[in-house]
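Below is one structure, written out as structure tokens; the observations come after it.
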Amino acid sequence: MDEEINNAPSAGWSDEPSHMTPRGFPICSECGNSTRNQSELVCAPCRNRTRLILTAEDCRWLREIGIAR
């Protein structure tokens, strides 16, 4: 029975993105960063609405003033 499950067509590599980090932490469904908590699907900054979203212009300006992001 186990061999049938392991040899199923869907048991191999998939092009779907992983929803876990290599250490087994869930990836936040809003920002894509690690939640750093095994039991949460959304990270604390996204959950508390405190995540700072930077535009391309913001990133360029930060690099210009020496704060590489």
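The values are calculated or read from the model by the stated rules, or taken from the named source; none is laboratory data. On a predicted model such as this, the values are computed, not experimentally measured, just so you know. Please note: Cβ atoms are built from the backbone with ideal geometry, for glycine as well, and neighbour counts cover all protein chains shown. Surface accessibility is based on the protein's heavy atoms, side chains included, excluding ligands, DNA and RNA. Shrake-Rupley method; radii C 1.70, N 1.55, O 1.52, S 1.80 Å.
Is it fair to say ALA11 is at negative phi, small (Gly, Ala, Ser) and at pLDDT below 75?
Values: at negative phi: yes; small (Gly, Ala, Ser): yes; at pLDDT below 75: yes.
Criteria met by ALA11.
Tell me, which residue of region 27-61 that is part of a helix (DSSP H, G or I) and acidic (Asp, Glu) is most open to solvent (accessible area, probe 1.4 Å)?
Looking only at region 27-61, we keep the residues that are part of a helix (DSSP H, G or I), and these are 44-47, 56-61.
Then keep just the ones that are acidic (Asp, Glu); that gives 57-58.
On the way: GLU57: 126, ASP58: 60 Å².
Among those residues, the one meeting the criterion is GLU57.
Hey, can you tell me all the residues within region 39-69 that are within 23 Å of THR21 (Cβ to Cβ), free of Cβ contacts under 8 Å to residues at least 12 places away in the same chain and either of a type in the set (A, V, I, L, M) or in contact with a Pro (Cβ under 8 Å, 6 or more places away or on another chain) (or both)?
ALA44, LEU52, ILE53
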